[in-house]
Amino acid sequence: MTMATRPVYLAPLLLLFALLQGCSTLGPARTVDAGTPLNRAVTELPDEQLLDVWVELFDPGELPEDEDQAMGLSMDIREAEARYLPEQLRTTMESTGHWGAVRLVPRDTTGSELLVRGIILESDGEQLALQITALDATGRQWFRRTYREEIEYAQYTNRGHNGTEVFQPLYNTIANDLAEFRAKLDTGETTAIRRVAALRFAADLAPEAFAGYLETDRDKYKVVHLPAAEDPMYRRVQAIRDRDFLLIDTLNGHFDNFTRQMESPYTEWRKARSEEAAALRKLERDAWQRKLLGAAAILGAIAVESSNNGNNAGSSVLRDVMVVGGVYAIKSGFDKSSETGIHRDAITELDESFSSEARPMVVEVEGETHELTGSAEVQYTKWRALLKRIYASETGLAGS
């Protein structure tokens, strides 16, 4: 081979390398087994072993910066998912028998025995990734883990026929991990968590009266001493806490209604988006394959030309056929790539359509108690302030 022929080889090799690189993008690893069953309690657990759970409305996270990855996803959709997805987890946990009351609450709500927080890392109808953090009332972090599941279109369709949530294995996995950690707690630890939760609520309601019952160190809480069983001030706090639970239950009714309203359009959006995404990937795969075959044919033609030095007529004909075929294959590959725009536009249109449906469902949830209005989160903030005023009026002490 002469120095003059090396650049002839180099250009096609670089082209082939570039095409291979384009095909080698790997998707996220599957971290959830699609067949994960839900771990349910075999026998009814005694009350002293049960913890009440508050599942916060999820943090919607951030959308992909890459426009090709985002493809029409919007924060309106994410805000709706931030209310819909935690309700799926709440329902799953409630059905296991491992917990006391399992409630959905606004973010940054104090007073839980076990608090479950979530951040949506990825959600596009086919892939769901959640970062879940579990904290008990003492400030102990049970764990912080990322859960990811990917659904193929065919799997999505088959699983959805019986009305099952398509990402149910992911929620089962989270619920199982939480139940596994709870099972390691002894009765003393469970009792301590429940006591700290009650005293943290009391201290938040009336810090001057109850802050001294807890020792705080770097967001860790420990009971110093307990109020007397018949302490009238503490009994009032417990009564007010019961009212707080009632309002949270009322809010959960709003969240249930929201979930029911969203379920059908959200399911249809995910299913249609999954179908379009599958078609898009097939087109992209076909396009890359044609480009690779074309590049391979051209490389083969160059090899034929080099080996025969252009002296064999049959080889020249073969070379010409391979070059023409290779060029045609590459062109057809680019034609296929141009067709992907149709599916990209369809996905964007689906996202915009569902976004317009989801937005009004999220904005306002009207309330009547004490003229509380606005979103569920705003209502609850106003309610907590009202509870402090109620406590102050009943005891004659400042609530905060």
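The values are calculated or read from the model by the stated rules, or taken from the named source; none is laboratory data. It should be emphasised that the depicted structure is a prediction, and the values quoted were computed from it without experimental measurement. Backbone-built Cβ (ideal geometry, glycine too); neighbour counts: all protein chains shown.
Annotations for the structure displayed:
- Condition check for VAL32: at pLDDT 95 or above and closer than 30 Å to PRO265 by Cβ: no
- Any hit, the stretch 45-59, residues being under 21 Å from ASP186 (Cα atoms), buried (at least 17 other Cβ atoms within 10 Å of the Cβ) and of a type in the set (Asp, Glu): yes
- Per this entry, GLU126 is not counted among residues that are at pLDDT below 95, within 17 Å of THR259 (Cα to Cα) and either surrounded by fewer than 18 Cβ atoms within 10 Å (Cβ to Cβ) or out of contact with any Cys (no Cβ under 8 Å at 6 or more places or on another chain) (or both).
- Just one of the listed residues (ALA211, ALA202) is without any contact (Cβ under 8 Å) to a residue 60 or more places away in the chain, within 13 Å of LYS388 (Cα to Cα), surrounded by 13 or more Cβ atoms within 10 Å (Cβ to Cβ) and out of contact with any Ser or Thr (no Cβ under 9 Å at 6 or more places or on another chain), and it is ALA202.
- Condition check for ALA202 on (1) part of a helix (DSSP H, G or I); (2) within 14 Å of GLU113 (Cα to Cα); (3) at pLDDT 90 or above: one failure, at (3).
- Residue within the stretch 66-87 that is surrounded by fewer than 17 Cβ atoms within 10 Å (Cβ to Cβ), under 23 Å from ILE193 (Cβ atoms) and either of a type in the set (Gly, Ala, Ser) or modelled with pLDDT of 85 or more (or both) present: no
- Residue in the stretch 222-231 that is in a helix (DSSP H, G or I), surrounded by 13 or more Cβ atoms within 10 Å (Cβ to Cβ) and not polar (S, T, N, Q) present: no
- Residue check for ARG90: out of contact with any Lys or Arg (no Cβ under 6 Å at 6 or more places or on another chain) and not in a loop (DSSP other than H, G, I, E, B): yes
- Any hit, the stretch 67-81, residues being touching a strand residue (DSSP E or B) at 6+ places or on another chain (Cβ under 7 Å) and assigned to a helix (DSSP H, G or I): yes
- Of the residues making up the stretch 229-254, those that are free of Cβ contacts under 8 Å to residues at least 40 places away in the same chain and under 14 Å from ALA202 (Cα atoms) are ASP231, PRO232, TYR234, ARG235, ALA239, ASP242.
- Within the stretch 162-191, the residues that satisfy the criterion of being crowded, with 18+ Cβ neighbours inside 10 Å and either among the small types (Gly, Ala, Ser) or touching a Pro at 6+ places or on another chain (Cβ under 6 Å) (or both) are ALA175, ALA179.
- Candidate set: the stretch 213-270, residues that are aromatic (Phe, Trp, Tyr) and over 27 Å from the mean Cα position of the chain (by Cα); chosen: the one farthest from LEU104 (Cα to Cα): TYR213
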